[in-house]
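The values are calculated or read from the model by the stated rules, or taken from the named source; none is laboratory data. Given the structure is predicted, the values throughout are model-derived calculations rather than measurements. Cβ placement follows ideal geometry from the backbone for every residue including glycine, while neighbour counts extend to all protein chains displayed.
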Amino acid sequence: MIRSNRSRAFVALLAVLALVAAACGGGRSDSGGDNNNDAAAANTDTADAEYLHLDSCDGDFTQGVTADTIKIGSSYPQSGTFAAFAEISTGYQAYFDYVNEELGGVDGHQIEFVSLDDGYEPGRTATNAQRLVNEEGVFALFNVIGTANNLAIWDNLDEECVPNLYTGTGSPLWGDPNHPWTIGSYPSYSLEGKLYADYLIENDPTATVAFLTQNDDFGRAYVDTFKQSIEGTDIEVVGEETYEIANTDTSSQITSLAATDADAVVLGTTALACPTTLNAINGTNWDPTIFISGTCTSPTLVGLAEPGAAEGIISITTLMDPRDPQWDDNEAMALFQEKGREYGGPDIDLENTIVAYGWTMGALLVDTLSNATELTRPAVMEQALNLDNVIAGVTLPTSPFNTSQGEDKFLWENVQLMQYNEDLGYYEFIGDPVDFEGQTAELAPEDLLTP
């Protein structure tokens, strides 16, 4: 990963200061409400303070932190069409409980977690965020689900300088440096579009392609990046259909696309639109190569499709699949299985990749909080924006988290193509991992990078 000289110097300076503090018996600050904004700002490098616009922050940098607790909040769908995404929280809540019980929390601070249901409605997400910050007094938001949902809150969170950490969406928008307090998690949907285009260029260079996508920024990222990636090739887009979030019955759109007899179809779908679309394709005589959003690949969603409907679908991953026997002896997978079972409750599905994703996000959050120079919002945000080859949870060994403040906010850019084998019950890798480190902003069409 390429880092600026300033970033390297700043990291080195922090290391020296940390050693000096440790030698003096001071350690890192517990905050606990004793530090005010001026003190936190004084501990921040001038360039970093400018990037985070600390001089105009309205919020309390240590809100939600006491001598022995830190309060984190989230908003995500727990009811309605998109309630399947709530399974993510079972993964990270199990991780938090494990950390609190066996590791003493984050440097002695027990993690208190507050979640609110938004039904995947951006307006409710905005209301929930206000409640979490102003009434519940959380330190930071974490893994808020949905592109439109995070867009509904990032301006206000930015004004108050509240970290919005590791959002549950792969929109290219999260690379926007003008919103430094929001950082994504999932690999950019643009990387998926690029990978699917590259796969066809290599394996079916004269392919005709159809698209079914959600009618919003989420779906547009697949279409626009794919089209940009096939410029100058013989691949042709012959059909495009969209669907609305409120209506996951895509059978009429699939009927239209099947009439094109395209060689391949890209499904920029999510939640229940994933299995319903696979079922619709399975009910036709159309037999295209199917590329499907990585948000669809968990058993929670693909598992709802009819037998045979998901066979051979192609997608991407950055996680170890708990169902894949190649990870049976992996230490991180063993910890997930053991502690997930112990702290996740009787209904936790430890073979589900959406739960594994939640566990991994929880591990990344704890890693970020633990390695921040102090438990203040600027220090934690600086840590999130300067991740250096972090492996957390059950992320693939080839897919570390990397960020570089002011240069690259996309933290998951090493990805693996995979194809579902229904007989085996898990995905098999296609080729070698693909390293897009530092390239997401270059690969995505410019209009996808700013709201």
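State yes or no: is ALA356 in contact with a helix residue (DSSP H, G or I) (Cβ under 7 Å, 6 or more places away or on another chain) and farther than 26 Å from PRO177 by Cβ? Yes; evaluated as a whole, the condition is true for this residue. So, THR270, is that one of a type in the set (S, T, N, Q), in a loop (DSSP other than H, G, I, E, B) and more than 28 Å from the chain's Cα centre (by Cα) or not? So THR270 does not fit the description; no. In the condition set (1) assigned to a strand (DSSP E or B); (2) within 26 Å of PRO275 (Cα to Cα); (3) of a type in the set (Val, Ile, Thr); (4) not assigned by TED's automatic domain parsing to the domain that holds ASN128, THR167 is compliant with all but (4). Within segment 391-403, residues that are within 15 Å of PRO187 (Cβ to Cβ) and touching a residue at least 40 places away in the same chain (Cβ under 8 Å) reach partners that are part of a loop (DSSP other than H, G, I, E, B) and hydroxyl-bearing (Ser, Thr, Tyr) with beta carbons closer than 7 Å, at six or more positions or on different chains, in the pairs THR395/THR318; LEU396/THR318; SER399/THR318. Please identify the pairs in which a residue from segment 260-274 that is crowded, with 24+ Cβ neighbours inside 10 Å has its Cβ atom under 9 Å from the Cβ atom of a residue that is of a type in the set (Lys, Arg), counting only partners at least 6 apart or on another chain. Short answer, once both residue conditions are applied: GLY268/ARG220. Residues that are out of contact with any Asp or Glu (no Cβ under 9 Å at 6 or more places or on another chain) and among the charged types (D, E, K, R) were ranked within segment 222-243; the one that is nearest to GLY193 (Cα to Cα) is LYS227.
Let's see how each residue does on (1) buried (at least 19 other Cβ atoms within 10 Å of the Cβ); (2) in a loop (DSSP other than H, G, I, E, B); (3) without any contact (Cβ under 8 Å) to a residue 24 or more places away in the chain:
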| position | (1), (2), (3) |
| --- | --- |
| ALA305 | yes, yes, no |
| GLY308 | no, yes, no |
| GLY312 | no, yes, no |
| GLY340 | yes, no, no |
| GLU351 | no, yes, no |
| LEU369 | yes, no, no |
| PRO378 | yes, no, no |
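Select, from LEU151, LEU116, the only residue that is under 15 Å from PRO77 (Cα atoms) and either modelled with pLDDT of 95 or more or in contact with a helix residue (DSSP H, G or I) (Cβ under 7 Å, 6 or more places away or on another chain) (or both). On inspection, the qualifying residue turns out to be LEU116. Taken over segment 380-398, the criterion of being closer than 25 Å to ASP158 by Cβ and in contact with a helix residue (DSSP H, G or I) (Cβ under 7 Å, 6 or more places away or on another chain) is satisfied by VAL380, GLU382, GLN383, ALA384, ASN386, VAL390.
Just so you know, in segment 202-221 the residues that are touching an Asp or Glu at 6+ places or on another chain (Cβ under 9 Å) and without any contact (Cβ under 8 Å) to a residue 40 or more places away in the chain include one that is surrounded by the most Cβ atoms within 10 Å (Cβ to Cβ), and it is ASN215. Restricting LEU173, LEU195, LEU200 to those that are of a type outside the set (Val, Ile, Thr) and in the same structural domain as PHE401 (by TED's automatic domain parsing) reduces the list to LEU173.
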